[in-house]
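Structure first, commentary second.
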Amino acid sequence: MTNRENFGSKLGAILAAAGSAVGLGNIWRFPIETGRNGGAAFILVYIGCILLLGMPIMLSEFLIGRHTQSNTARAYQKLAPGTPWKWVGRLGVFTGFFILSYYAVVAGWTIEYAGLALFNQFDGMTERQDFEQVFTNFSSEPFLPVILLIVFILLTHFVVVRGVAKGIERWSKVLMPMLFIIIAVLVVCSVSMPKAGEGVRFLLYPDFSKVDGGVVLSAMGQAFYSLSLGMGCLCTYASYFSKKTNLAKTTLQVCIIDTLIALMAGFIIFPAAAAADYGLTPDDIGPSLIFITLPNVFQQAFSGMPWLAYIFSVMFYLLLIVAALTSTISMHEVVTSYMSEEFHLGRKKAAWVETSMSIFLGIFCALSFGALGDVKIFGQTIFGAFDWMASNICLPVGGMFIAIFTGWYLDRQLFRDEITNCGTVRAPYFKLLIFVLRYITPLAIFAIILSNFGMF
Ligand code: PFF
């Protein structure tokens with residue numbers, strides 16, 4: 001067994017976990033889901049999912065990972081030897097591989113857009129159709145999106161191979177605060193655009209008549225996706241936490257950072273979409289949102305100062321690359337640490353296996369915007385079906401079993417020792433947490449999934 005690295009500082013551990021959580025899920029997917037599911041009411045259901053489902057499961061993943069100091073499948077083997085619980089870890093590894101394959105497609109698009117911004121290709125464009133055309137032409141191309149997908153997975157590969165702790169930690173400490181500042185400035189620009197009010201109202205005034213089973217399922221899926229939960233990703237990261245890390249506090253901090261950034265992304269996109277007359281109806285909202293609306297916003301917001309529009313678009317897309325990268329690294333790490341420790345492959349070989357598999361599957365997803373656009377799975381494109389399946393089914397099901405494991409199976413004293421760091425940190429919420437993990441979290445997830453299959 002190799003010696004496992006540790007994150008060097010508390011801040012490093014928090015920022016690395018936040019780096020996994022904050023990514024395309026916040027800036028690209030959250031606004032799409034909010035738009036499709038009716039705005040403010042969706043956001044409230046989403047926040048409910050974070051509190052009742054996300055936080056208890058994140059804490060569970062942290063404690064399982066930190067206690068066992070192993071990859072996610074081995075973690076269950078150590079805590080529940082000779083039982084089928086290891087399949088929860090294995091499901092996580094499978095989900096990680098699955099998500100990386102299509103996530104890297106959108107991550108590849110961010111490289112293209114950083115390039116377009118860098119070479120000032122948006123300069124002078126004013127019409128919505130211009131931006132739409134750039135996106136449609138690019139995403140339906142047979143080669144470039146595939147090449148960029150491969151580039152992005154290779155970038156991820158090289159960071160993972162070199163060892164996660166130092167690379168991610170050092171990068172996260174600089175880039176996460178930068179991302180936050182850029183997003184904050186963009187929120188201010190966006191909400192102060194003329195006619196932005198309609199977008200702000202869409203995010204603030206809930207219309208509960210729009211909330212049905214599908215909306216709740218999407219909110220739950222988004223919560224799991226955005227917090228990187230249900231596939232052992234944070235469990236794997238926590239295996240690099242020091243024994244002094246306060247797990248409950250870290251959970252709270254990561255959830256707050258992640259939710260704040262998602263909400264801020266909403267306050268960039270919707271007011272800007274309203275200002276640019278994009279409309280807020282579901283038909284207008286798709287995977288293209290940050291690739292069509294945002295470049296337009298940069299041009300409009302700084303129309304008198306083109307150099308500012310230039311700087312902002314370049315910085316935004318570069319930071320998006322980084323936000324996506326810190327997330328893809330965490331997905332890759334789940335599969336790599338599993339392969340290398342379980343099949344004794346060595347880290348480099350294990351990483352190559354995961355890289356090749358994800359590239360292979362990713363190519364089908366990349367082509368589903370063009371050459372394979374007619375291939376439908378349950379009425380959706382390959383990309384859409386992967387996204388739906390992973391976030392609405394695989395992650396919540398993984399999360400449900402994690403809650404059942406910590407709530408019902410795990411030794412109570414071990415649980416308490418981990419969250420109190422052997423009695424040095426207070427945990428007055430302990431009984432409530434156990435209650436939520438035993439009854440509320442698994443039953444809620446189960447009911448939401450069943451109701452979507454029309455079971456009741
Ligand atoms: N949380 C990431 C995001 O919001 O972009 C996506 C993600 C990362 C999902 C890691 C799952 C995961 F294990």
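So in the range 401-415, with the set limited to residues that are away from the ligand (no atom under 16 Å from the Cβ) and crowded, with 16+ Cβ neighbours inside 10 Å, which one is nearest to the chain's Cα centre (by Cα)? Walk me through it before giving the result.
First pass over the range 401-415, keeping only residues away from the ligand (no atom under 16 Å from the Cβ): 403-415.
Subsequent filtering for residues that are crowded, with 16+ Cβ neighbours inside 10 Å retains 403-407, 410, 415.
Numbers: ALA403: 20, ILE404: 23, PHE405: 23, THR406: 23, GLY407: 25, LEU410: 27, PHE415: 27 Å.
For the range 401-415, the residue satisfying everything is ALA403.
Run down PHE224, PHE180 and say which single residue is under 17 Å from the mean Cα position of the chain (by Cα) and open to solvent by 20 Å² or more (accessible area, probe 1.4 Å).
Matching residue, one of PHE224, PHE180: PHE180.
Would a scan of the range 104-121 turn up a residue that is modelled with pLDDT under 95 and closer than 30 Å to LYS243 by Cβ?
No, the range 104-121 contains no residue that is modelled with pLDDT under 95 and closer than 30 Å to LYS243 by Cβ.
Assess whether TYR76 counts as being more than 16 Å from the ligand (Cβ to nearest atom), surrounded by 23 or more Cβ atoms within 10 Å (Cβ to Cβ), within 30 Å of LEU227 (Cβ to Cβ) and not hydrophobic (A, V, I, L, M, F, W, C).
Yes.
Within the set of pairs 6 or more residues apart or between chains, which connect a residue that is in contact (Cβ under 8 Å) with a residue 60 or more places away in the chain and on the phi > 0 side of the Ramachandran plot inside the range 215-236 to a residue that is among the aliphatic types (A, V, I, L, M) and within 9 Å of the ligand (Cβ to nearest atom) with Cβ atoms less than 6 Å apart?
SER228/ALA21; SER228/LEU234; GLY230/LEU395; GLY232/VAL334
Suppose we keep only residues that are part of a helix (DSSP H, G or I) and free of Cβ contacts under 8 Å to residues at least 60 places away in the same chain within the range 304-321. Which one would you say is farthest from SER190 (Cα to Cα)?
Applying the filter and picking the extreme gives TRP307.
Which condition breaks for ASP212 when tested against (1) within 28 Å of PHE446 (Cβ to Cβ); (2) at pLDDT 90 or above; (3) more than 16 Å from the ligand (Cβ to nearest atom); (4) not aliphatic (A, V, I, L, M)?
Failed condition: (2).
I'm trying to understand the selection: among the residues of the range 149-172, which are modelled with pLDDT of 90 or more, β-branched (Val, Ile, Thr) and either closer than 28 Å to VAL297 by Cα or open to solvent by 10 Å² or more (accessible area, probe 1.4 Å) (or both)?
Within the range 149-172, ILE150, VAL151 meet the criteria.
Out of LEU51, LEU15, I need the residue that is open to solvent by 30 Å² or more (accessible area, probe 1.4 Å) and away from the ligand (no atom under 12 Å from the Cβ). Which one?
Answer to the selection: LEU51.
Here's the yes/no breakdown for (1) at pLDDT 85 or above; (2) open to solvent by less than 10 Å² (accessible area, probe 1.4 Å); (3) within 16 Å of the ligand (Cβ to nearest atom):
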| position | (1), (2), (3) |
| --- | --- |
| PRO271 | yes, yes, no |
| LEU280 | no, no, no |
| ASN296 | no, yes, no |
| GLN300 | no, no, no |
| TRP307 | no, no, no |
| VAL314 | yes, no, no |
| ILE321 | yes, no, yes |
| SER327 | yes, yes, yes |
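A quick yes/no check of all residues on (1) touching a helix residue (DSSP H, G or I) at 6+ places or on another chain (Cβ under 6 Å); (2) surrounded by 22 or more Cβ atoms within 10 Å (Cβ to Cβ); (3) assigned to a helix (DSSP H, G or I):
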site: TRP87; (1), (2), (3): no, no, yes
site: SER101; (1), (2), (3): yes, yes, yes
site: ALA104; (1), (2), (3): yes, yes, yes
site: ASP123; (1), (2), (3): no, no, no
site: ILE147; (1), (2), (3): no, no, yes
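If you take the residues in the range 135-147 that are touching a residue at least 60 places away in the same chain (Cβ under 8 Å) and among the hydrophobic types (A, V, I, L, M, F, W, C), which one is farthest from VAL105 (Cα to Cα)?
PHE135
Could you check, for the range 231-240, whether at least one of its residues is modelled with pLDDT of 85 or more and away from the ligand (no atom under 16 Å from the Cβ)? Lay out the reasoning, then the answer.
Of the range 231-240, the ones modelled with pLDDT of 85 or more are 231-240.
Now narrow it down to the ones that are away from the ligand (no atom under 16 Å from the Cβ): none.
The answer is no, given that none of the residues of the range 231-240 is modelled with pLDDT of 85 or more and away from the ligand (no atom under 16 Å from the Cβ).
The values are calculated or read from the model by the stated rules, or taken from the named source; none is laboratory data. Keep in mind it's a predicted model, so treat the numbers as computed, not measured. Heads up, the Cβs are rebuilt from the backbone with ideal geometry, glycines too, and the neighbour counts pull from every protein chain shown. The accessibility values were calculated without ligands, DNA or RNA, using every heavy atom of the protein model including side chains. Shrake-Rupley method; radii C 1.70, N 1.55, O 1.52, S 1.80 Å.
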